[in-house]
1. Once the range 24-64 is represented by equal point scatterers at the alpha-carbon sites, with solvent omitted, what log10 I(q)/I(0) does the Debye formula produce at q = 0.17, 0.31 Å⁻¹?
2. If we count other beta carbons within 10 Å of each Cβ, what is the order of 100, 125, 136, fewest first?
Amino acid sequence: MGGFNPEQMFPGTPALGLSREYQETAARLLDLGKQFQQRYAEFAQQNATIMQDAFHVLKKRFDEAPSGGKTPAELYDAWIDSAESTYAQAAHSERFARLLAELCNISSAFKVERGKLTEQIARHLDLPSRAEVDTLHRQVRALTAAMRAAASGPAAPGPAKATKPPRKPRKRAKK
């Protein structure tokens, strides 16, 4: 992002000054970004290993098969089968689940911190924050519901409800 970053010059020092909340939030965002990059690199390496394993399974399958020409469609189908079975096996492993969960958790934490920073900046610029807009939206819905309830009540002014025309009396059959 450029600019002066006191955390790089003096690691571990507390945020100071008028923008300390921004500094603290930005530091948490940077830390979460680093964590995400580390976990994603591990995840990408794990996926590369899965593809290498799938290739070895495919190679072993062809080495054991009697020699003969395979069509491109057969090679493709064999590759897909190998890759799917290897990926399914890896996807059920503890390491895969842990890395994927950590990526999701870090991403969610990043979203929360980003929201906090956005709220801080909105307040600083005197813009309505998300919380304020949500509150206004709830109030408008409540007022709309109250108006509808009042309009449908018995003593409500306004247009009358449409009613069915009165029934005509039935003629009695003569005896």
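1. Debye curve over Cα of the range 24-64, log10 I(q)/I(0) at q = 0.17, 0.31 Å⁻¹: -0.58, -0.90.
2. Listing 100, 125, 136 from fewest to most nearby Cβ atoms yields 125, 136, 100.
Values in this text are rule-based calculations from the coordinates and carry no lab data. Note that the coordinates shown come from a computational prediction; the quantities given were computed from them, not determined experimentally. Reconstructed Cβ throughout: ideal geometry from the backbone, glycine too, with neighbour counts over all protein chains shown.
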